[in-house]
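The values are calculated or read from the model by the stated rules, or taken from the named source; none is laboratory data. The structure presented is a predicted model; accordingly, all values stated were derived computationally and were not measured. Don't worry about glycine lacking a Cβ; one is built from the backbone with ideal geometry, like all the others, and counts go over all protein chains shown.
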């Protein structure tokens, strides 16, 4: 028995399918944010709060970044997304990556709390794993945007085309840079790893400001 219509029958612009995928994505991302809060351990007294500083810092950083991913995801679905097989696979992989971000953030927090003695190498490995997954999620989001942009190019207005190009390039290039940081960090001395990270983040900032200007210039 068939599980549904064949691939050739599926309409990539089927709004019902797109809305269901977006709702499913919101549930997974919301559940991931809830897991972040569930993993927090409440101190027994106010005096113990400083001892949970690493745990709280990990929570706020991860919450903010996942919220940013949700907004990026929301904008892609609002303007670009098409329910093709490739986009659906990328979306599911991206959601798995978001859940893994919560898992690896917990690893980073646990390693950072083990201060007797502090395992620098283990902390760098955990952080590089987290960064690598975050970069892959950005690449997947950029890929979803690029697929939708290509499929909807004719029907989109010029401002949306420029916005879609900017977001897709930022996701693909920015995500690749973050993955590169994650790969290089464990292979470099601590001092060099910090320098490479700062250089890479500076590159991301420049790229985010440079890409819109290049796209605007090409459009004129």
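Structural remarks
- Inspection of the range 86-93 finds a residue satisfying the criterion of being farther than 20 Å from residue 169 by Cα and surrounded by fewer than 21 Cβ atoms within 10 Å (Cβ to Cβ).
- Single match in 82, 137 (criterion: in a loop (DSSP other than H, G, I, E, B) and either closer than 22 Å to residue 179 by Cβ or modelled with pLDDT of 85 or more (or both)): 82
- Comparison of 202, 191 shows that the only residue that is surrounded by fewer than 14 Cβ atoms within 10 Å (Cβ to Cβ), within 20 Å of the chain's Cα centre (by Cα) and at pLDDT below 85 is 202.
- Residue match in the range 16-24 (condition: surrounded by 15 or more Cβ atoms within 10 Å (Cβ to Cβ), at pLDDT 90 or above and in a helix (DSSP H, G or I)): yes
- For residue 142: the one exception among (1) exposed (fewer than 15 other Cβ atoms within 10 Å of the Cβ); (2) at pLDDT 85 or above: (1)
- Residue match in the range 115-132 (condition: within 30 Å of residue 16 (Cβ to Cβ) and modelled with pLDDT of 85 or more): no
- Filtered residue count, the range 152-166, keeping only those that are touching a residue at least 40 places away in the same chain (Cβ under 8 Å) and farther than 23 Å from residue 14 by Cβ: 5
- Of the residues 139, 124, the single one that is over 13 Å from the mean Cα position of the chain (by Cα) and touching a residue at least 40 places away in the same chain (Cβ under 8 Å) is 124.
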